[in-house]
Amino acid sequence: MEEMKIQNRITDTFWMNYRKLVRREMIPYQWKVLNDEGEIRIEPERNDPGIPAEKSHALENFRIAAGIHEGHHYGWVFQDSDVYKWLEAAAYALAEEMDEELKEKADRVVDLIAEAQEEDGYLGTYFTIEEPERKFKSLQNSHELYCAGHFMEAAAAYYQATGNAKVLETAEKLADCIERALGPAGSFGYDGHEEVEIGLMKLYHLTGKERYLNLARHFLLIRGTDQDFFGEQKKTDPGKKPLIRGMDQLPRSYFQAHLPVLQQSSAEGHAVRLVYLLTAMADAAAASRDEALLNSCRKIWDNITKKRMFITGGIGSTVHGEAFTFDYDLPNDTMYCETCASVGLVFLARQMLRSDARGEYGDVMERALYNTVLSGTALDGKHFFYVNPLEVNPASYKYDPGKSHVKPVRPEWLGCACCPPNLARLLASVDQYIYSVNGSTCLAVLYMKSETRISGPEGEVWIRQETDYPKSGEIAFSVRKTGDFDFQLGLRIPAWTDQAELRVNGQLSSGKAQDGFVYLRIPEGETEILLSLSIRPILWRADPRVRADIGKAALARGPIVYCLEERDNGKDLHLVSLDREPDFEEKEEEGLLGRIISISAKGKRIQIPENAGDLYSPVESGTLEKKPVRLHFIPYYTWANRGSNEMTVYVRTE
Ligand code: FUB
Ligand code: ZN
């Protein structure tokens, strides 16, 4: 069966609530921010006076570039991308449910973007307003193609949701402008921040025009093939001031430009850039059946997920360059774990699944999604984390300049606002991640209550998932196939489960998982499938080479990682430990943190001696007294919703 089309409708309470949050809170709230309305407090993402955090000004930049208002550009050179991501989130919300008021707003945004576009298709408010002579002349830092890629993604989504022709024309005009300037027949050059490649692939998938695939491949394949493109371009840059302070001092690996991509095999540099690069590589590899490109993705994926990823699906071990560092360097309290990086990891996993039917992509996708991505937003949808720590002491944030990025509460908005709208666009399109269809195989990647129609020239398949996963591991599929064609359903068996049972039409199936999926050939008519995964609290230890986690364990229940918060367990969380037999008790609770399953466990708390006195004392003078305590764990993504307090994911074990 060729070219199967898939339509999903989520009916799951957990995910519907998030989608409602995006539609009712995030989109209107972010609209206010982008318009500089309301009393919204913007914080710099770390203690750096150079971060522009007075206002967003993002839509005003477009009005100025369009000649509607007078003034100067304000914000990061990539401020336009906040508007594009908002538009993309709005597009998915409209695709789910039409809302005339939102559509009207979004249509006006499209008009404004088109007005800000120059005659030749160029689009980028900073350069149009402030330094037109520098267009495409400072690609290391300019983010011109990065912003263009975000617009192309938004345009593809908005066109699909609403049929708005102007948005697609504007995006294609921009792609043509970029192709003329920097395509194979133009000047040599690629952006310091990958993203245009993703946008071009989306235009390719939408329009079928090979030019966009070729241009995406061009940018991917010339990356890192030069001796020193950024350095050479800097010599001819007519501008005097750096577009982003200090960025031109960063090593080539920060931009994944240290080697041609086909020769890269480890996760280097800025985490978001790397996962965006890999997302486009995996997409282009699947589209053009390029095994070499795919192989590089596989190697780097392995390095990320087997040596450089936090248990929460967070990536990026240091604030310096928001970057990867080295194998097994996963510090819980200084890490970066940017929300955007985990959003990008979800994108990447989805693209890898198009070529490789491996359950590990789904496992990492849900790890990132249920933990770092969700922790990126407060439960009110109006406060956001940029950095998602695994251990926090509010005093360190306050007094240790090296931890000024590790915030104990989510700000209302951030000077660099890449994460909030990125999170919004992913949550608004989460239905696209449930299945991965390739040829006659449909992989069930995420489990959530949903209804799906897969149609092709030879017939249709309807799949209904009934489940309250991950509260329970019971997932019932009702499948109806019309037409006589080959179709198999692959069900992901997550690596974290220690027991999985499958029944087909009531009969126990003996099917074994291959690379994380159990396959079932679906006959014409109705098939009832019941997948039962054991979900229980499990303590996980890290590889002993992870220095930060030695002697400690993290608690997870299915895909959801848990943490201890001061609010439930008192101050000084470093003093507590888990008993060897923790005797976990699960409790379904409804309260400030929504409907969650909390877990309590037996543990101990070291007592601080009353007359502690000396900072150091001989160990032989006696052991510290410990008192039994009951530890109270909550899902990691719900932390920091009850004010500033300590938190830890890893806990010492006895
Ligand atoms: O450079 C644009 C965006 O800003 C990146 O993707 C984020 O990491 C933040 O640095
Ligand atoms: Zn971000």
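What is the residue count in the stretch 308-320 for residues that are more than 14 Å from the chain's Cα centre (by Cα) and in contact (Cβ under 8 Å) with a residue 60 or more places away in the chain?
Residues in the stretch 308-320 being more than 14 Å from the chain's Cα centre (by Cα) and in contact (Cβ under 8 Å) with a residue 60 or more places away in the chain: 2 in total.
Tally up the residues in the stretch 40-68 that are part of a loop (DSSP other than H, G, I, E, B), in contact (Cβ under 8 Å) with a residue 60 or more places away in the chain and of a type in the set (Val, Ile, Thr), please.
2
When the residues of the stretch 128-151 are narrowed to those that are in a helix (DSSP H, G or I) and more than 16 Å from ligand 1 (Cβ to nearest atom), which ends up farthest from Gln7 (Cα to Cα)?
Glu133
Spot the failing condition for Ala292; the list is (1) in a helix (DSSP H, G or I); (2) more than 30 Å from Arg642 (Cα to Cα); (3) within 16 Å of ligand 2 (Cβ to nearest atom), and only one is missed.
(3)
Residues are listed down the side, and each one gets a yes or a no for (1) within 16 Å of ligand 1 (Cβ to nearest atom); (2) crowded, with 22+ Cβ neighbours inside 10 Å; (3) not basic (Lys, Arg):
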position: Ala287; (1), (2), (3): no, no, yes
position: Met309; (1), (2), (3): no, yes, yes
position: Ser317; (1), (2), (3): yes, yes, yes
position: Met335; (1), (2), (3): yes, yes, yes
position: Ala341; (1), (2), (3): yes, yes, yes
position: Gln351; (1), (2), (3): no, yes, yes
position: Arg358; (1), (2), (3): no, no, no
position: Met365; (1), (2), (3): no, yes, yes
position: Tyr397; (1), (2), (3): no, no, yes
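Residues are listed down the side, and each one gets a yes or a no for (1) in a helix (DSSP H, G or I); (2) in contact with a Phe, Trp or Tyr (Cβ under 8 Å, 6 or more places away or on another chain); (3) assigned by TED's automatic domain parsing to the domain that holds Asn422; (4) within 19 Å of Cys416 (Cβ to Cβ):
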site	(1), (2), (3), (4)
Glu70	no, no, no, no
His73	no, yes, no, yes
Trp76	no, no, no, yes
Val83	yes, yes, no, yes
Trp86	yes, yes, no, yes
Ala89	yes, no, no, yes
Leu102	yes, no, no, no
Arg108	yes, no, no, no
Ile113	yes, yes, no, no
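Please count how many residues of the stretch 72-98 are within 11 Å of ligand 1 (Cβ to nearest atom) and farther than 19 Å from Tyr159 by Cβ.
5
Find all pairs meeting these conditions: Cβ atoms under 9 angstrom apart; at least six residues apart or on different chains; first residue within the stretch 614-625 and in the same structural domain as Lys604 (by TED's automatic domain parsing) and without any contact (Cβ under 8 Å) to a residue 60 or more places away in the chain; second residue open to solvent by 100 Å² or more (accessible area, probe 1.4 Å) and part of a loop (DSSP other than H, G, I, E, B).
From residues that are in the same structural domain as Lys604 (by TED's automatic domain parsing) and without any contact (Cβ under 8 Å) to a residue 60 or more places away in the chain, the pairs are Leu624/Ile608.
Under 7 Å between Cβ atoms, at least 6 apart or on separate chains: pull out the pairs that start in the stretch 269-282 with a residue that is open to solvent by less than 10 Å² (accessible area, probe 1.4 Å) and end on any residue that is within 11 Å of ligand 2 (Cβ to nearest atom) and part of a helix (DSSP H, G or I).
Note: pairs meeting the criteria are Ala271/Ala341; Val272/Cys340; Val272/Ala341; Val272/Gly344; Val275/Ala341; Val275/Gly344; Tyr276/Gly344; Thr279/Gly344.
Looking for something in a helix (DSSP H, G or I) and touching an Asp or Glu at 6+ places or on another chain (Cβ under 6 Å) - is there at least one such residue anywhere in the stretch 412-434?
yes
Identify the residue in the stretch 396-437 that is more than 12 Å from the chain's Cα centre (by Cα) and among the β-branched types (Val, Ile, Thr) and, among all such residues, is nearest to ligand 2 (Cβ to nearest atom).
Looking at residues that are more than 12 Å from the chain's Cα centre (by Cα) and among the β-branched types (Val, Ile, Thr), I get Val406.
Taking the condition within 15 Å of Asp283 (Cβ to Cβ) and either assigned by TED's automatic domain parsing to the domain that holds His270 or among the charged types (D, E, K, R) (or both), does Glu169 pass?
Values: within 15 Å of Asp283 (Cβ to Cβ): no; either assigned by TED's automatic domain parsing to the domain that holds His270 or among the charged types (D, E, K, R) (or both): yes.
For Glu169, the condition - within 15 Å of Asp283 (Cβ to Cβ) and either assigned by TED's automatic domain parsing to the domain that holds His270 or among the charged types (D, E, K, R) (or both) - is not met.
Here is a list: Glu39, Glu25. Which entry is more than 19 Å from the chain's Cα centre (by Cα), open to solvent by 40 Å² or more (accessible area, probe 1.4 Å), under 21 Å from Tyr158 (Cα atoms) and not basic (Lys, Arg)?
Glu25
Could you list all residues from the stretch 384-436 that are polar (S, T, N, Q) and in contact with a Lys or Arg (Cβ under 7 Å, 6 or more places away or on another chain)?
Selection gives Ser396, Ser404, Asn422, Ser436.
Restricting the search to the stretch 350-400, which residues are in a helix (DSSP H, G or I) and of a type in the set (Asp, Glu)?
Of the stretch 350-400, the ones in a helix (DSSP H, G or I) are 350-355, 359-375, 394-399.
Result: Glu360, Asp363, Glu366.
So how many residues does the stretch 556-598 have that are at pLDDT below 95 and in a helix (DSSP H, G or I)?
Here the count works out to 0.
Would the stretch 230-240 turn up any residue that is over 31 Å from the mean Cα position of the chain (by Cα), charged (D, E, K, R) and open to solvent by less than 70 Å² (accessible area, probe 1.4 Å)?
Yes: one or more hits.
Tell me which of these Val561 doesn't satisfy, since it passes every other one: (1) more than 26 Å from Phe14 (Cα to Cα); (2) buried (at least 21 other Cβ atoms within 10 Å of the Cβ).
Answer for Val561: the failing condition is (1).
Being over 22 Å from Gly344 (Cα atoms) and either open to solvent by less than 20 Å² (accessible area, probe 1.4 Å) or in a loop (DSSP other than H, G, I, E, B) (or both) is the filter here; which residues of the stretch 199-228 pass it?
Those that are over 22 Å from Gly344 (Cα atoms) and either open to solvent by less than 20 Å² (accessible area, probe 1.4 Å) or in a loop (DSSP other than H, G, I, E, B) (or both): Gly208, Lys209, Thr225, Asp226, Gln227, Asp228.
Pairs please, first residue from the stretch 69-94 and farther than 20 Å from Glu54 by Cα, second anywhere and at pLDDT below 95 and within 16 Å of ligand 1 (Cβ to nearest atom), Cβ atoms under 6 Å, 6+ apart in sequence or on different chains.
Qualifying pairs under 6 Å: none.
Among the residues of the stretch 2-19, is any closer than 22 Å to Arg410 by Cβ and open to solvent by 40 Å² or more (accessible area, probe 1.4 Å)?
Taking the stretch 2-19 and keeping what is closer than 22 Å to Arg410 by Cβ, we get 14-15, 17-19.
Now narrow it down to the ones that are open to solvent by 40 Å² or more (accessible area, probe 1.4 Å): 14, 17.
Yes, the conditions are met somewhere in the stretch 2-19.
The values are calculated or read from the model by the stated rules, or taken from the named source; none is laboratory data. Here the structure is a predicted model, which is why all the values come from computation and not from measurement. Neighbour counts run over all protein chains shown; Cβ positions are idealised from the backbone, glycine included. Just so you know, the surface numbers come from the protein's heavy atoms only, side chains and all, with ligands and any DNA or RNA stripped out. Shrake-Rupley method; radii C 1.70, N 1.55, O 1.52, S 1.80 Å.
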